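To start, the structure under review is shown below, and the notes come after it.
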Amino acid sequence: FILFKRNIPRQLNNSKKLCIHIRGGDFIKFNKSLQNSYYRNALAQVKDYGPLTIFTNDKKFSMALLPDLSHHNFSKNGNAKEDFLNMISFNKMICSNSTFSIWAGLISLAEEIIIPKSDGQSLKLNINVQSFNSKKITII
C-alpha cells in the first residue's frame with residue numbers, strides 16, 4: 001500500500017471534471033451489469049461536467065449502453081493500475097457496482113461520487129459512507 005500511496009495525487013486536476021466506470025465483461029455474463037437508467041440518473045445528478053472520460057473493461061458494451069452520449073473519451077490506459085490512478089484524479093465520479101471503482105471514488109480527492117444502491121445480489125456495500133465526510137456521496 002505504501003508504494004501505491006505515493007502515486008495518489010495530492011490535489012485535483014481541475015481539467016478532469018467527470019469520469020464514469022462501466023463494468024462489462026464477466027458482469028454481463030453473470031447478469032450483474034448496471035442498466036442504462038442508472039447511468040442516466042447519475043448523469044442527471046451531476047451539474048456542469050463538460051467532457052467526460054469512460055473507464056471500462058468492455059468498450060463495446062459501454063457504447064451500446066450509452067449510445068447517444070456525446071463529448072466523451074475512453075480511457076487509453078492499458079491496465080487496471082493506471083486506470084485506478086487516473087480515476088482518482090477526477091473531480092467527480094460515477095461508479096459502477098464494482099469495488100474497483102467504488103474504492104477509487106472513496107480514496108480519491110473527488111468532490112462528488114455517485115455509487116449504485118445495493119440490490120442484494122451484485123453489490124454488497126459494507127462501507128459506512130458517512131465516514132467519508134470530505135466529499136458528497138450520492139447513492140442511487
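Here, each number is a calculation from the coordinates, and none is a lab measurement. Since the model is a prediction, treat every value here as computed from it, not as a measurement. Using ideal geometry, Cβ is built from the backbone for each residue, glycine included, and neighbour counts are taken over all protein chains shown.
General observations
- If R0 is taken as 25 Å, the Cβ-Cβ distance between ASN77 and LYS117 corresponds to a FRET efficiency of 0.35.
- From most to least packed by mean Cβ count within 10 Å, the peptides 92-100, 61-69 give 92-100, 61-69.
- Virtual spin-label span in nm between ILE140 and SER70, 7 Å along Cα→Cβ: 2.0
- Listed by chain and number, the lysines whose alpha-carbon sits under 23 Å from that of LYS29, ignoring those within fewer than 8 places in the same chain, are LYS59, LYS60, LYS117, LYS124.
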